[in-house]
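Peer 1: Here it is: the structure, laid out below.
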Amino acid sequence: MPEHAALIAPAAAKFTAVLRGMGEADLTARTPCTEYDVRALLNHLLYWGPWLEAAGRKAPPPEVSSGEAEADLVGADRLSAIGAIEEQTARLVDVFGAPETWQGQTTFGGQPMPASMAGYMVLDEFVFHGWDLARATGAEFTVAPEVADAVYAIALEIGDQARAMKVYGEEVPVAEGATTFERALGATGRNPGWTP
């Protein structure tokens, strides 16, 4: 939805704050995403960021020589990798912070999709993977109420499709008095109480 464009910058700011605190983080630490340790999650962000940017620009996808699992985009210099994700995040904010980016159709990985779906994916990356990295590294992570409302609504809207594509895990029940963001985490297959 075009109105979600205004949420991209504040969500990115929280995500970037987590990145900036990761200079000494243990890259082998587990994350709430069971298939990723911290290094693999950073690799995931570096791999798919250019695809999301291309989708936002309605441009051809990047040329790649390997899949995500085979790519080693983090390498030996974690600070360079973290800096690259920060720069990538700024570009995504520039693209998806514009309401017109969310309108019409685009493609992702050669598959047609509504442009708003690409925007949803970017917001999800900032919020949910920001939380994943924060939990794995012991950082603080907060979400503005309007961002929590948006990602919860997105999780409910695309949940079945995302689970079928293995993007979300099976829904995790949350406590009766859970916050909206905790409900969003549960809807994506994350346990809000997860600790390393």
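Peer 1: Could you tell me which residue of the range 62-93 is most open to solvent (accessible area, probe 1.4 Å), considering only residues that are polar (S, T, N, Q) and at pLDDT below 90?
Peer 2: Result: S65.
Peer 1: Go through the range 5-39 residue by residue and tally those that are part of a helix (DSSP H, G or I) and closer than 20 Å to F141 by Cα.
Peer 2: Going through the range 5-39 one residue at a time, the tally reaches 17.
Peer 1: Within the range 110-124, which residues are in contact (Cβ under 8 Å) with a residue 12 or more places away in the chain and either among the acidic types (D, E) or open to solvent by 40 Å² or more (accessible area, probe 1.4 Å) (or both)?
Peer 2: Matches in the range 110-124: G110, M121, D124.
Peer 1: Restricting attention to the range 1-41, and to residues there that are out of contact with any helix residue (DSSP H, G or I) (no Cβ under 8 Å at 6 or more places or on another chain) and modelled with pLDDT under 90, which single residue is surrounded by the most Cβ atoms within 10 Å (Cβ to Cβ)?
Peer 2: Per the stated criteria, the residue is E35.
Peer 1: Only one of (1) buried (at least 17 other Cβ atoms within 10 Å of the Cβ); (2) under 24 Å from T180 (Cβ atoms) fails for T107. Which number is that?
Peer 2: (2)
Peer 1: Yes or no: A59 farther than 16 Å from D124 by Cβ, surrounded by fewer than 19 Cβ atoms within 10 Å (Cβ to Cβ) and touching a residue at least 12 places away in the same chain (Cβ under 8 Å)? Please lay out each step first, then the result.
Peer 2: Values: farther than 16 Å from D124 by Cβ: yes; surrounded by fewer than 19 Cβ atoms within 10 Å (Cβ to Cβ): yes; touching a residue at least 12 places away in the same chain (Cβ under 8 Å): no.
Answer is no for this residue.
Peer 1: Another one. Hey, W51 hits all of (1) in contact (Cβ under 8 Å) with a residue 60 or more places away in the chain; (2) among the aromatic types (F, W, Y); (3) open to solvent by 20 Å² or more (accessible area, probe 1.4 Å) but one; which does it fall short on?
Peer 2: So the condition that W51 fails would be (1).
The values are calculated or read from the model by the stated rules, or taken from the named source; none is laboratory data. Computed from a prediction, not measured in an experiment: that's the story for all the values here. Quick reminder, even Gly has a Cβ in these numbers, built from the backbone with ideal geometry, and neighbours come from all protein chains shown. The accessibility values were calculated without ligands, DNA or RNA, using every heavy atom of the protein model including side chains. Shrake-Rupley method; radii C 1.70, N 1.55, O 1.52, S 1.80 Å.
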